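Structure first, then comments.
The values are calculated or read from the model by the stated rules, or taken from the named source; none is laboratory data. Note that the structure is a prediction, hence the values are computed from the model and not measured. Here Cβ is always computed from backbone atoms with ideal geometry, including for glycine, and neighbour counts include all displayed protein chains.
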Amino acid sequence: MKLYGHQFYTMTASTPRPKLAELLQLRSELEKRAASLRARAARYARTQEGSDPPESPDVLLTAHTRTQAELVDVVERIDAANNRLTLADGRSLARALAERRRLQAMFAALDKVLEESTDLGSRYSLREIRDVPTIDIAARRDELDDLARQLRELNTLLQQANWTLEA
């Protein structure tokens, strides 16, 4: 099977599967291509009377539809691999990815709270009311550092899996 100029192996017992990282790279390429086709089709959807656009929006939309179909195939293969494959610690890739999203959300929320708690503004005079933090900044920074460590470790496991596991 050939997707966006890339040759994929027909899945038989004798042919190796592509690495998960290869599928992830292909997904990224297809997403960029689809975005470019969409933007170009929109850009050339209208032109001055009597002139032709550099590219036909109809041709671009047809290519966009084809690219989206290829993307669905690649995403389906990635999702199947994520559900089937496991990390060295026994977690499925799907579970590890969900855990990474949870850690990222927790990190972003805590980082924003810390940012707001330390931005105490400036006072023009000593008579103005002073803003003070309502959280233990040092303890929360330690928590943020621990979340960052957990994310780094999980990302390392995921990257290792992407380049060693076959999809």
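Some values worked out for this structure:
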| quantity | calculated |
| --- | --- |
| Failed item, numbered, when ALA69 is tested on (1) in contact with a Ser or Thr (Cβ under 9 Å, 6 or more places away or on another chain); (2) in a helix (DSSP H, G or I) | (1) |
| Residues of the range 88-122 satisfying the condition of being closer than 18 Å to ILE78 by Cα, in contact (Cβ under 8 Å) with a residue 12 or more places away in the chain and of a type outside the set (A, V, I, L, M) | GLU99, ARG100 |
| Residue within the range 43-62 that is assigned to a helix (DSSP H, G or I), at pLDDT 95 or above and among the small types (Gly, Ala, Ser) present | no |
| Given (1) in contact with a helix residue (DSSP H, G or I) (Cβ under 9 Å, 6 or more places away or on another chain); (2) closer than 30 Å to GLN160 by Cβ; (3) modelled with pLDDT of 95 or more, number of the condition GLN25 does not satisfy | (1) |
| Residue satisfying all of: in the range 115-130; at pLDDT below 75 and surrounded by 10 or more Cβ atoms within 10 Å (Cβ to Cβ); nearest to ARG141 (Cα to Cα) among these | LEU120 |
| Qualifying positions in the range 134-167 - in contact with a helix residue (DSSP H, G or I) (Cβ under 9 Å, 6 or more places away or on another chain), assigned to a helix (DSSP H, G or I) and under 21 Å from LEU110 (Cβ atoms) | ILE137, ARG140, ARG141, GLU143, LEU144, LEU147, ALA148, GLN150, LEU151, LEU154, ASN155 |
